1. Hey, can you tell me all the residues within the stretch 51-84 that are under 18 Å from the mean Cα position of the chain (by Cα) and of a type outside the set (A, V, I, L, M)?
2. Gly145 fails exactly one of the following numbered conditions: (1) open to solvent by 70 Å² or more (accessible area, probe 1.4 Å); (2) on the phi > 0 side of the Ramachandran plot. What is the number of that condition?
3. Go through the residues of the stretch 107-129 one by one and say whether even a single one is among the β-branched types (Val, Ile, Thr), under 22 Å from Leu213 (Cβ atoms) and exposed (fewer than 11 other Cβ atoms within 10 Å of the Cβ).
4. Pairs, please: C-beta under 8 Å, at least 6 apart or cross-chain, first residue over 9 Å from Ala152 (Cβ atoms) and assigned to a helix (DSSP H, G or I) and in the stretch 203-219, second open to solvent by less than 90 Å² (accessible area, probe 1.4 Å) and among the charged types (D, E, K, R)?
5. How about the stretch 107-129: which of its residues are under 18 Å from Arg162 (Cα atoms) and under 20 Å from the mean Cα position of the chain (by Cα)?
6. Taking the stretch 29-49 as the region of interest, how many residues are more than 19 Å from the chain's Cα centre (by Cα), of a type in the set (Val, Ile, Thr) and surrounded by 11 or more Cβ atoms within 10 Å (Cβ to Cβ)?
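The values are calculated or read from the model by the stated rules, or taken from the named source; none is laboratory data. Computed from a predicted model, the values in this text were never measured in an experiment. All Cβ positions, glycine included, derive from the backbone under ideal geometry; neighbour counts span all protein chains shown. All accessible areas refer to the heavy atoms of the entire protein, side chains included, with ligands and DNA or RNA removed. Shrake-Rupley method; radii C 1.70, N 1.55, O 1.52, S 1.80 Å.
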Amino acid sequence: MTDPSPAESAPEETGDGLRRAAEVMHAVRERCVWTQAIDHRALLPYLVEESHEVIEAVETGTRAELREELGDLLWQVLFHAEIASEDAEDPFDIDDVAAALAEKMVRRHPHVFADAVATTPEEVLVHWNAAKAAEKRERRSVLEGVPRSMPALALAQKLLARAEAVGAPADPVRPLELATEADLGDALLALVAHARAEGWDAERAMRTRIRELESDIRTAEGGSADLG
């Protein structure tokens, strides 16, 4: 048996784990016929799956499982960046992604990297939201930038915050008083059980109500010229 040629060898360990992971991704993209056939859209189901596996590891897994699942999620980021580097019109690679991220986080933490002051989590959020608003000032609606593919409950929670920001808070029915987050979980499960018993689709019902909330938000925004 002959030794593999240098072109077939795995990237050497350099002490920089992130750099080696990026080099491994590049080599896999070059040499693996399955990987070569994947584009951004085809990769999306794996990104969703790996994200949920990280959540599962945080909630119920071990430290070793969390480390592994974070690595799998990182692989998805490296994979997308590697695909993006091949774009003929607007290429970018993982270094561009990382540099843009670092610049954004520096802007959004002026209390860390500039002379702003924040001594409470609430004050940190003020700086964060101000920086984010400045970055997104071209947006004409608070609905822009909200991914509609989010799970219905997470989407509803985010849109309720946006609705409050433009003076269009929802006025939901309050079937019972809840004292803890655990109570909330029980109540949500009970509602889903009730929907199932009635033959209703709980996910569809939530998304239908969300569309009505979005309409209320657009109405409240009305002729506002600058939503920041």
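1. Narrowing the stretch 51-84 to residues under 18 Å from the mean Cα position of the chain (by Cα): 51-59, 66, 69-81.
Ser51, His52, Glu53, Glu56, Glu59, Glu69, Gly71, Asp72, Trp75, Gln76, Phe79, His80 - these are the residues of the stretch 51-84 that are under 18 Å from the mean Cα position of the chain (by Cα) and of a type outside the set (A, V, I, L, M).
2. Unmet for Gly145, out of (1) open to solvent by 70 Å² or more (accessible area, probe 1.4 Å); (2) on the phi > 0 side of the Ramachandran plot: (1).
3. Filtering the stretch 107-129 down to residues among the β-branched types (Val, Ile, Thr) leaves 112, 117, 119-120, 124, 126.
Next, from what is left, pick out any that are under 22 Å from Leu213 (Cβ atoms): none.
For the stretch 107-129, residues among the β-branched types (Val, Ile, Thr), under 22 Å from Leu213 (Cβ atoms) and exposed (fewer than 11 other Cβ atoms within 10 Å of the Cβ): absent.
4. Close Cβ pairs satisfying both conditions: Ile217/Arg162.
5. At the first step, the residues of the stretch 107-129 found to be under 18 Å from Arg162 (Cα atoms) are 122, 125-129.
Across the stretch 107-129, the qualifying residues are Leu125, Trp128, Asn129.
6. Restricting attention to the stretch 29-49, the residues satisfying the condition of being more than 19 Å from the chain's Cα centre (by Cα) are 29-39.
After this cut, where a residue has to be of a type in the set (Val, Ile, Thr) as well, the list is 33, 35, 38.
Going one step further and asking which of them are surrounded by 11 or more Cβ atoms within 10 Å (Cβ to Cβ), we end up with 35, 38.
The qualifying residues number 2.
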